[in-house]
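Just below is one structure, and these are the notes that go with it.
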Amino acid sequence: MDALLERDDATHTYRLGGVVLPSVTQILRPLIDLSGIPRDVLEAKRDLGQRVHAACHYLSENDLDPSSVDPDVEPYLAGFERFLRETGAEIIANEQFVHSQQWGYAGQLDLIARIDGATHLLDIKSSVAVPMSAGPQTAAYHRALGDPSVTHRGALRLKPDGRYVLEPLNDPNDWAAFMACLTLHRYKESHQ
(Lines give C-alpha, C1' and ligand atoms only; values in the text may rest on other atoms or scores of the structure.)
Protein backbone atom coordinates (compact mmCIF):
# COMPACT_ATOMS: atom_id res chain seq x y z
CA MET A 1 0.00 0.00 0.00
CA ASP A 2 1.32 3.44 -0.97
CA ALA A 3 1.94 6.01 1.73
CA LEU A 4 -0.23 9.10 1.54
CA LEU A 5 1.15 12.24 -0.03
CA GLU A 6 0.86 15.25 2.27
CA ARG A 7 1.43 18.88 1.39
CA ASP A 8 2.17 21.78 3.69
CA ASP A 9 0.65 24.73 1.81
CA ALA A 10 2.50 27.32 3.89
CA THR A 11 5.94 25.97 2.93
CA HIS A 12 4.95 24.27 -0.36
CA THR A 13 6.55 21.08 0.99
CA TYR A 14 5.48 17.58 -0.01
CA ARG A 15 5.95 14.57 2.26
CA LEU A 16 5.43 10.93 1.47
CA GLY A 17 5.51 8.69 4.52
CA GLY A 18 7.33 11.46 6.39
CA VAL A 19 10.01 11.85 3.68
CA VAL A 20 10.27 15.27 2.03
CA LEU A 21 9.97 15.10 -1.75
CA PRO A 22 11.18 17.95 -3.95
CA SER A 23 8.47 19.64 -5.99
CA VAL A 24 8.47 19.67 -9.77
CA THR A 25 8.79 23.45 -9.60
CA GLN A 26 11.87 23.27 -7.34
CA ILE A 27 13.47 20.70 -9.61
CA LEU A 28 12.96 22.83 -12.73
CA ARG A 29 14.50 26.03 -11.28
CA PRO A 30 17.61 25.74 -13.50
CA LEU A 31 15.33 26.25 -16.54
CA ILE A 32 13.80 29.44 -15.16
CA ASP A 33 15.90 32.61 -15.17
CA LEU A 34 14.05 35.44 -13.47
CA SER A 35 17.19 37.32 -12.46
CA GLY A 36 16.48 40.34 -14.69
CA ILE A 37 12.97 40.91 -13.35
CA PRO A 38 12.51 43.21 -10.35
CA ARG A 39 11.30 41.48 -7.20
CA ASP A 40 8.09 43.55 -6.95
CA VAL A 41 7.15 42.69 -10.55
CA LEU A 42 7.76 38.98 -9.89
CA GLU A 43 5.67 39.11 -6.73
CA ALA A 44 2.81 40.87 -8.54
CA LYS A 45 2.86 38.27 -11.37
CA ARG A 46 2.99 35.39 -8.88
CA ASP A 47 0.04 36.84 -6.98
CA LEU A 48 -1.96 37.36 -10.19
CA GLY A 49 -1.16 33.81 -11.34
CA GLN A 50 -2.35 32.35 -8.04
CA ARG A 51 -5.61 34.31 -8.20
CA VAL A 52 -6.18 33.29 -11.84
CA HIS A 53 -5.58 29.63 -10.93
CA ALA A 54 -7.98 29.88 -7.99
CA ALA A 55 -10.73 31.45 -10.10
CA CYS A 56 -10.33 28.80 -12.82
CA HIS A 57 -10.34 26.07 -10.18
CA TYR A 58 -13.54 27.30 -8.53
CA LEU A 59 -15.21 27.81 -11.92
CA SER A 60 -14.26 24.25 -12.91
CA GLU A 61 -15.76 22.96 -9.68
CA ASN A 62 -18.96 25.00 -10.22
CA ASP A 63 -18.17 26.76 -6.96
CA LEU A 64 -17.17 30.24 -8.12
CA ASP A 65 -18.71 33.29 -6.49
CA PRO A 66 -18.46 35.84 -9.35
CA SER A 67 -18.34 38.72 -6.85
CA SER A 68 -15.09 37.26 -5.46
CA VAL A 69 -13.21 37.70 -8.76
CA ASP A 70 -10.89 40.70 -8.77
CA PRO A 71 -11.13 43.02 -11.80
CA ASP A 72 -7.57 42.19 -12.95
CA VAL A 73 -8.44 38.46 -12.94
CA GLU A 74 -11.72 38.84 -14.88
CA PRO A 75 -10.21 38.86 -18.40
CA TYR A 76 -8.13 35.74 -17.69
CA LEU A 77 -11.21 33.99 -16.33
CA ALA A 78 -13.14 35.09 -19.42
CA GLY A 79 -10.42 33.41 -21.51
CA PHE A 80 -10.82 30.23 -19.47
CA GLU A 81 -14.60 30.31 -19.92
CA ARG A 82 -14.11 30.87 -23.64
CA PHE A 83 -11.73 27.88 -23.78
CA LEU A 84 -14.33 25.68 -22.06
CA ARG A 85 -17.12 26.89 -24.33
CA GLU A 86 -15.24 26.75 -27.64
CA THR A 87 -13.51 23.40 -27.09
CA GLY A 88 -16.31 21.70 -25.17
CA ALA A 89 -13.66 20.58 -22.68
CA GLU A 90 -14.91 18.21 -20.02
CA ILE A 91 -12.95 18.70 -16.79
CA ILE A 92 -11.80 15.36 -15.35
CA ALA A 93 -9.40 16.54 -12.62
CA ASN A 94 -8.48 19.90 -11.19
CA GLU A 95 -5.47 20.90 -9.04
CA GLN A 96 -4.54 17.26 -8.46
CA PHE A 97 -1.53 16.27 -6.34
CA VAL A 98 0.70 13.66 -7.94
CA HIS A 99 3.95 11.98 -6.97
CA SER A 100 6.42 9.48 -8.30
CA GLN A 101 7.70 6.98 -5.77
CA GLN A 102 10.11 5.65 -8.39
CA TRP A 103 11.77 9.02 -9.02
CA GLY A 104 11.03 10.71 -5.67
CA TYR A 105 9.25 13.94 -6.58
CA ALA A 106 5.78 15.48 -6.23
CA GLY A 107 3.70 18.27 -7.64
CA GLN A 108 0.28 19.65 -8.35
CA LEU A 109 -1.03 19.52 -11.89
CA ASP A 110 -3.55 22.14 -12.97
CA LEU A 111 -6.07 20.39 -15.15
CA ILE A 112 -6.97 17.18 -16.92
CA ALA A 113 -9.66 17.64 -19.55
CA ARG A 114 -11.22 15.62 -22.33
CA ILE A 115 -11.31 17.54 -25.62
CA ASP A 116 -12.62 15.95 -28.81
CA GLY A 117 -12.30 12.47 -27.30
CA ALA A 118 -8.64 12.89 -26.23
CA THR A 119 -7.50 13.39 -22.65
CA HIS A 120 -5.18 16.34 -22.07
CA LEU A 121 -2.99 17.27 -19.11
CA LEU A 122 -2.94 21.07 -19.17
CA ASP A 123 -0.92 23.64 -17.32
CA ILE A 124 -2.66 27.01 -16.98
CA LYS A 125 -0.41 29.98 -17.67
CA SER A 126 -1.18 33.67 -17.33
CA SER A 127 2.25 34.66 -18.65
CA VAL A 128 3.03 36.44 -21.90
CA ALA A 129 4.71 33.32 -23.28
CA VAL A 130 4.89 29.68 -22.30
CA PRO A 131 8.12 29.23 -20.32
CA MET A 132 10.75 26.71 -21.37
CA SER A 133 10.01 24.73 -18.20
CA ALA A 134 6.36 23.99 -19.17
CA GLY A 135 7.15 20.94 -21.32
CA PRO A 136 9.34 19.22 -18.71
CA GLN A 137 6.85 20.24 -16.01
CA THR A 138 3.89 18.56 -17.73
CA ALA A 139 6.05 15.55 -18.64
CA ALA A 140 6.88 15.10 -14.94
CA TYR A 141 3.21 15.39 -13.94
CA HIS A 142 2.23 12.97 -16.70
CA ARG A 143 4.82 10.40 -15.61
CA ALA A 144 3.78 10.72 -11.95
CA LEU A 145 0.11 10.46 -12.87
CA GLY A 146 0.77 7.16 -14.62
CA ASP A 147 -2.52 7.26 -16.52
CA PRO A 148 -2.20 5.89 -20.07
CA SER A 149 -5.54 7.47 -21.03
CA VAL A 150 -3.86 10.91 -20.84
CA THR A 151 -2.43 11.21 -24.34
CA HIS A 152 -1.80 14.93 -24.77
CA ARG A 153 0.05 17.61 -22.81
CA GLY A 154 -0.35 21.32 -23.28
CA ALA A 155 -0.20 24.83 -21.91
CA LEU A 156 -3.43 26.78 -21.72
CA ARG A 157 -2.22 30.37 -21.93
CA LEU A 158 -4.88 32.79 -20.72
CA LYS A 159 -4.43 36.30 -22.06
CA PRO A 160 -5.26 39.65 -20.44
CA ASP A 161 -7.63 40.49 -23.31
CA GLY A 162 -10.00 37.58 -22.60
CA ARG A 163 -8.56 35.25 -25.21
CA TYR A 164 -6.68 31.99 -24.81
CA VAL A 165 -4.11 29.95 -26.69
CA LEU A 166 -3.89 26.18 -26.27
CA GLU A 167 -0.29 25.25 -27.05
CA PRO A 168 0.66 21.57 -27.39
CA LEU A 169 3.69 20.45 -25.41
CA ASN A 170 5.02 17.46 -27.27
CA ASP A 171 8.79 17.78 -27.39
CA PRO A 172 10.14 14.22 -27.07
CA ASN A 173 12.99 15.59 -24.92
CA ASP A 174 10.71 17.01 -22.19
CA TRP A 175 11.05 14.00 -19.89
CA ALA A 176 14.83 13.85 -20.44
CA ALA A 177 15.10 17.56 -19.59
CA PHE A 178 13.14 16.99 -16.38
CA MET A 179 15.37 14.04 -15.46
CA ALA A 180 18.48 16.13 -16.09
CA CYS A 181 17.14 18.78 -13.70
CA LEU A 182 16.23 16.10 -11.15
CA THR A 183 19.77 14.70 -11.34
CA LEU A 184 21.22 18.19 -10.87
CA HIS A 185 18.84 18.82 -7.94
CA ARG A 186 19.93 15.58 -6.24
CA TYR A 187 23.61 16.32 -6.92
CA LYS A 188 23.32 19.77 -5.32
CA GLU A 189 21.43 18.34 -2.32
CA SER A 190 24.13 15.74 -1.74
CA HIS A 191 26.85 18.42 -1.71
CA GLN A 192 25.28 20.83 0.76
Go through Leu64, Leu111 and list them by solvent-accessible area, largest first, probe radius 1.4 Å.
Leu64, Leu111
Cβ under 13 Å from Arg7's Cβ, Arg7 left aside: what net charge do those residues give with Lys, Arg +1 and Asp, Glu -1?
-3
Summing Lys, Arg as +1 and Asp, Glu as -1, what charge do residues with Cβ under 15 Å from the Cβ of Phe178 carry, Phe178 excluded?
+1
Decide, for the chain, between rounded, prolate and oblate: order the square roots of the alpha carbon gyration tensor eigenvalues as a ≥ b ≥ c, take rounded if a/c falls under 1.5, and otherwise choose prolate if a/b is larger than b/c, else oblate.
prolate
Determine the sum of side-chain charges near Ala129: Lys and Arg each +1, Asp and Glu each -1, restricted to other residues whose C-beta is under 10 angstrom from that of Ala129.
+1
Helix 74-87: inclination vs the chain longest Cα principal axis, degrees, rounded to 10, gives 90 degrees
Carbon plus sulfur fraction of accessible area for the range 104-182, probe 1.4 Å, in percent:
55 percent
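The values are calculated or read from the model by the stated rules, or taken from the named source; none is laboratory data. Please read these numbers as outputs of a predicted model, since none were measured by experiment. Note that we place each Cβ from the backbone using ideal geometry, even for glycine, and neighbour counts take in every protein chain shown. What goes into the accessible areas is simple: the full protein's heavy atoms, side chains included, and nothing from ligands, DNA or RNA. Shrake-Rupley method; radii C 1.70, N 1.55, O 1.52, S 1.80 Å.
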